[in-house]
1. Report, by residue number, each residue of segment 42-61 that is among the charged types (D, E, K, R) and exposed (fewer than 15 other Cβ atoms within 10 Å of the Cβ).
2. Would you be able to say whether some residue in segment 177-195 is touching an Asp or Glu at 6+ places or on another chain (Cβ under 6 Å) and either small (G, A, S) or at pLDDT below 95 (or both)?
3. Would it be correct to say that S72 is surrounded by fewer than 18 Cβ atoms within 10 Å (Cβ to Cβ) and hydroxyl-bearing (S, T, Y)?
4. Restricted to segment 122-136, and to residues that are more than 16 Å from F56 (Cβ to Cβ) and not hydrophobic (A, V, I, L, M, F, W, C), which residue is least open to solvent (accessible area, probe 1.4 Å)?
5. Which condition breaks for D78 when tested against (1) surrounded by fewer than 16 Cβ atoms within 10 Å (Cβ to Cβ); (2) out of contact with any Phe, Trp or Tyr (no Cβ under 9 Å at 6 or more places or on another chain)?
6. Looking at F100 and the list (1) closer than 25 Å to V183 by Cα; (2) touching a strand residue (DSSP E or B) at 6+ places or on another chain (Cβ under 8 Å); (3) of a type outside the set (S, T, N, Q), which single condition is not satisfied?
7. Mind checking whether some residue in segment 180-199 is open to solvent by 20 Å² or more (accessible area, probe 1.4 Å), touching a residue at least 12 places away in the same chain (Cβ under 8 Å), closer than 20 Å to D134 by Cα and more than 21 Å from the chain's Cα centre (by Cα)?
8. State whether one or more residues within segment 228-240 are in contact with a Lys or Arg (Cβ under 7 Å, 6 or more places away or on another chain), among the small types (G, A, S) and surrounded by 14 or more Cβ atoms within 10 Å (Cβ to Cβ).
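The values are calculated or read from the model by the stated rules, or taken from the named source; none is laboratory data. As the structure is a prediction and not an experimental result, all values here were calculated from the model. No Cβ is skipped: glycine too gets one built from the backbone with ideal geometry, and neighbour counts run over all protein chains shown. The area values use the complete protein model at the heavy-atom level, side chains included, leaving out ligands, DNA and RNA. Shrake-Rupley method; radii C 1.70, N 1.55, O 1.52, S 1.80 Å.
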Amino acid sequence: MNKAEILSAMQSGSLRLEGQFIYGSNYTFMALCQFRRQTFKTVYKPVQGERPLWDFPHQTLARREVAAFLVSEALGWDLVPPTVFREKGSPMGPGSVQLFIEHDPELHYFNFNASQRQHLPQVMLFDLMINNADRKAGHLLFDPQGELFLIDHGLSFHIEDKLRTVIWDFAGEVIPPELLQDVKGIIPAFSPGESLNRALRPHLLQAEIDALQKRAQVLVDIKIYPMPPEDRRAYPWPLV
């Protein structure tokens, strides 16, 4: 199945719960998606299973998962697995459905080899853009073909600076020009009325999209990976 077919299947297919991921604050399930004789694994995060947070609007984390996918797609980076928001037909109500990536759970940021670490400048820039407040080491997955995927973006896109990540490897260094060019290219699309803005509006507040656009423009202007903040915690917990 190609990406468009996977997205269509996750939006319209039947979902059957197969198990629960227990290492997390919010309800997250493995679900089998069946659509037109095709069956594949997905990760289902129902809105009703989200634990309320003081600093993020309630029942918005699943939609932020979808927003991260849309931004990754707009950049042409293919970092986030195909992700949709289902309003109906899900076992526990509305929520995000994301293609499950087969991976080695023992492989994570802290034990990547040199080849795998070559992807990190792009990952750090992506997290800076979306203001990821929870980039743990285990949120970077390599599939059996060696392709990198990023997961767990529910705590992203806050208006205030919330970046917490294990990846500060390039702080103070110049951002690769080819990555900056990709970022620069999508900045106009965040403006009201543009296609990316329209795609994001069901999932984010306009103020959050405006803040996203501003962060992207600042990165293009300064051309440097920022240093970790000294006035707040810059790393997630737990780290993995």
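1. Result: R51, D55.
2. The answer is no, given that none of the residues of segment 177-195 is touching an Asp or Glu at 6+ places or on another chain (Cβ under 6 Å) and either small (G, A, S) or at pLDDT below 95 (or both).
3. no
4. For segment 122-136, the residue satisfying everything is D127.
5. Answer for D78: the failing condition is (2).
6. Checking F100 against (1) closer than 25 Å to V183 by Cα; (2) touching a strand residue (DSSP E or B) at 6+ places or on another chain (Cβ under 8 Å); (3) of a type outside the set (S, T, N, Q), the one that fails is (1).
7. No, that holds for no residue.
8. Yes, segment 228-240 has at least one match.
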